[in-house]
Amino acid sequence: MTTLYSYFRSSASYRVRIALNLKGQVFDTIPVHLLNQGGEQFLPDFAALNPHSLVPVLAQGGRHLTQSLAILEYLDERFPMPSLLPGDALQRARIRALALDIACEIHPLNNLRVLRYLKHQLGVDEDKKNDWIQHWITLGFSALEAQLAADATRGHFCVGDTPTLADCCLVPQMFNARRFEVDMAPYPTLVAIEDACNALPAFQQAHPAQQPDAA
């Protein structure tokens, strides 16, 4: 049995849901609400699964895996087809680089615990907090747009004509950008890739609105 500890709006959880769906894996979802009771991720039972108190956690075969990109690569090794890292070593490195651009350069700066620190410890008001979010997403998206628009290996998806690790990361970040009212007009390439992804059932079923804890 495969179980995913997840929060419906968590970008990292969203990535893993997409990958599980692309791999055709049936899984149970255990919601971990990041706001209830000050954050259910801090409760002892969940903290025992992941001392970092972060989602997602993937439980499979009595083991618990953390960190979304590590989970995605595990799933790709465990269930090789369809591959999230197709092609030769150079292409796989390019796919990983795009995924890391999103997961390590854009997403952490608008993650919930960063935003909580800005608000509660540094006293940043709501408008300035939203400016912070929009600034870092815009900075990252501008670079991704320029990179992908000029990339001859881009197809319907970030790299080629099948979804990869990069698309699993891009779509949740696009969802976040829209949630925080980032203007998407400057990013037609990213929007076109998003549209291609969201035409697939694996992405549709992973959408936050389709999750059992969606509010």
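The values are calculated or read from the model by the stated rules, or taken from the named source; none is laboratory data. Bear in mind that the values here come from a model prediction, so they are computed numbers and not experimental data. Quick reminder, even Gly has a Cβ in these numbers, built from the backbone with ideal geometry, and neighbours come from all protein chains shown. Surface accessibility is based on the protein's heavy atoms, side chains included, excluding ligands, DNA and RNA. Shrake-Rupley method; radii C 1.70, N 1.55, O 1.52, S 1.80 Å.
So which residues in region 5-27 are outside any helix (DSSP H, G or I), in contact with a strand residue (DSSP E or B) (Cβ under 9 Å, 6 or more places away or on another chain) and under 15 Å from ALA214 (Cα atoms), if there are any at all? Talk me through it step by step, then tell me what you get.
Looking only at region 5-27, we keep the residues that are outside any helix (DSSP H, G or I), and these are 5-10, 23-27.
Of the ones still in play, those that are also in contact with a strand residue (DSSP E or B) (Cβ under 9 Å, 6 or more places away or on another chain) are 5-8, 25-27.
The answer is TYR5, SER6, TYR7, PHE8.
Which ones in region 135-154 are under 22 Å from LEU69 (Cβ atoms), open to solvent by less than 70 Å² (accessible area, probe 1.4 Å) and without any contact (Cβ under 8 Å) to a residue 40 or more places away in the chain?
Passing the criteria: GLY140, ASP151.
Does region 69-76 include one or more residues that are without any contact (Cβ under 8 Å) to a residue 24 or more places away in the chain, in contact with a helix residue (DSSP H, G or I) (Cβ under 6 Å, 6 or more places away or on another chain) and outside any loop (DSSP other than H, G, I, E, B)?
Kept after step one, since they are without any contact (Cβ under 8 Å) to a residue 24 or more places away in the chain, are these residues of region 69-76: 70, 74.
In the following step, the residues that additionally are in contact with a helix residue (DSSP H, G or I) (Cβ under 6 Å, 6 or more places away or on another chain) were identified as none.
No, the conditions are met nowhere in region 69-76.
Just the residues that are open to solvent by 60 Å² or more (accessible area, probe 1.4 Å) and in contact (Cβ under 8 Å) with a residue 24 or more places away in the chain, please, taken from region 162-182.
Step one: list which residues in region 162-182 are open to solvent by 60 Å² or more (accessible area, probe 1.4 Å), which gives 162, 178-179, 181.
The answer is THR162, ARG179, GLU181.
With the requirement that a residue be among the hydrophobic types (A, V, I, L, M, F, W, C), part of a helix (DSSP H, G or I) and within 18 Å of LYS23 (Cβ to Cβ), what does region 183-214 give you? Before the answer, list the steps.
Our first condition is that a residue be among the hydrophobic types (A, V, I, L, M, F, W, C); within region 183-214, this holds for 184-185, 190-193, 196-197, 199-200, 202-203, 206, 209, 214.
So of that shortlist, the ones also part of a helix (DSSP H, G or I) come out as 190-193, 196-197, 202-203, 206, 209.
If the condition is that a residue be among the hydrophobic types (A, V, I, L, M, F, W, C), part of a helix (DSSP H, G or I) and within 18 Å of LYS23 (Cβ to Cβ), then CYS197, ALA202, PHE203, ALA206 are the ones that fit.
Considering only residues that are modelled with pLDDT under 95 and touching a Lys or Arg at 6+ places or on another chain (Cβ under 7 Å), which ones fall in region 116-152?
LYS119, the sole residue that qualifies.
Every residue in region 81-90 that is assigned to a loop (DSSP other than H, G, I, E, B) and either of a type in the set (Val, Ile, Thr) or loosely packed, with under 12 Cβ neighbours inside 10 Å (or both), please. Reasoning before the result, please.
Here is the first cut: in region 81-90, the residues assigned to a loop (DSSP other than H, G, I, E, B) are 81-88.
Answer for region 81-90, where residues must be assigned to a loop (DSSP other than H, G, I, E, B) and either of a type in the set (Val, Ile, Thr) or loosely packed, with under 12 Cβ neighbours inside 10 Å (or both): MET81, ASP88.
Considering each residue of region 109-141, count those that are part of a helix (DSSP H, G or I) and either charged (D, E, K, R) or within 17 Å of ALA166 (Cβ to Cβ) (or both), and give that number.
Of region 109-141, the ones part of a helix (DSSP H, G or I) are 109-110, 112-121, 126-141.
Keeping just the survivors that are either charged (D, E, K, R) or within 17 Å of ALA166 (Cβ to Cβ) (or both) gives 113, 116, 119, 126-129, 131, 137, 140-141.
Count: 11.
Determine whether region 148-163 contains at least one residue that is among the hydroxyl-bearing types (Ser, Thr, Tyr), assigned to a helix (DSSP H, G or I) and closer than 18 Å to ASP101 by Cα. Give the derivation first.
Just the residues of region 148-163 that are among the hydroxyl-bearing types (Ser, Thr, Tyr), to begin with: 153, 162.
Keeping just the survivors that are assigned to a helix (DSSP H, G or I) gives none.
No: zero hits.
Can you report the number of residues in region 117-134 which are among the acidic types (Asp, Glu) and open to solvent by less than 60 Å² (accessible area, probe 1.4 Å)? Lay out the reasoning, then the answer.
Initially, region 117-134 is screened for residues among the acidic types (Asp, Glu), giving 125-127, 131.
After this cut, where a residue has to be open to solvent by less than 60 Å² (accessible area, probe 1.4 Å) as well, the list is none.
Here the count works out to 0.
When the residues of region 29-43 are filtered to those that are in contact (Cβ under 8 Å) with a residue 12 or more places away in the chain and among the aliphatic types (A, V, I, L, M), which remaining residue is least open to solvent (accessible area, probe 1.4 Å)?
To start, the set of residues in region 29-43 that are in contact (Cβ under 8 Å) with a residue 12 or more places away in the chain comprises 29-34, 39, 41.
Okay, now just the ones that are also among the aliphatic types (A, V, I, L, M), so 30, 32, 34.
Numbers: ILE30: 69, VAL32: 8, LEU34: 24 Å².
Among them, the one singled out is VAL32.
Being open to solvent by less than 20 Å² (accessible area, probe 1.4 Å) and assigned to a helix (DSSP H, G or I) narrows it down to one residue among ALA97, ALA103, ALA59, ALA93; which is it?
Working: ALA97 fails: open to solvent by less than 20 Å² (accessible area, probe 1.4 Å); ALA59 fails: assigned to a helix (DSSP H, G or I); ALA93 fails: open to solvent by less than 20 Å² (accessible area, probe 1.4 Å).
It is ALA103.
Yes or no: LEU54 free of Cβ contacts under 8 Å to residues at least 60 places away in the same chain and either in contact with a Pro (Cβ under 6 Å, 6 or more places away or on another chain) or part of a loop (DSSP other than H, G, I, E, B) (or both)? Full working, then the answer.
Numbers: free of Cβ contacts under 8 Å to residues at least 60 places away in the same chain: yes; either in contact with a Pro (Cβ under 6 Å, 6 or more places away or on another chain) or part of a loop (DSSP other than H, G, I, E, B) (or both): yes.
Considered against the rule, which asks whether it is free of Cβ contacts under 8 Å to residues at least 60 places away in the same chain and either in contact with a Pro (Cβ under 6 Å, 6 or more places away or on another chain) or part of a loop (DSSP other than H, G, I, E, B) (or both), LEU54 comes out as yes.
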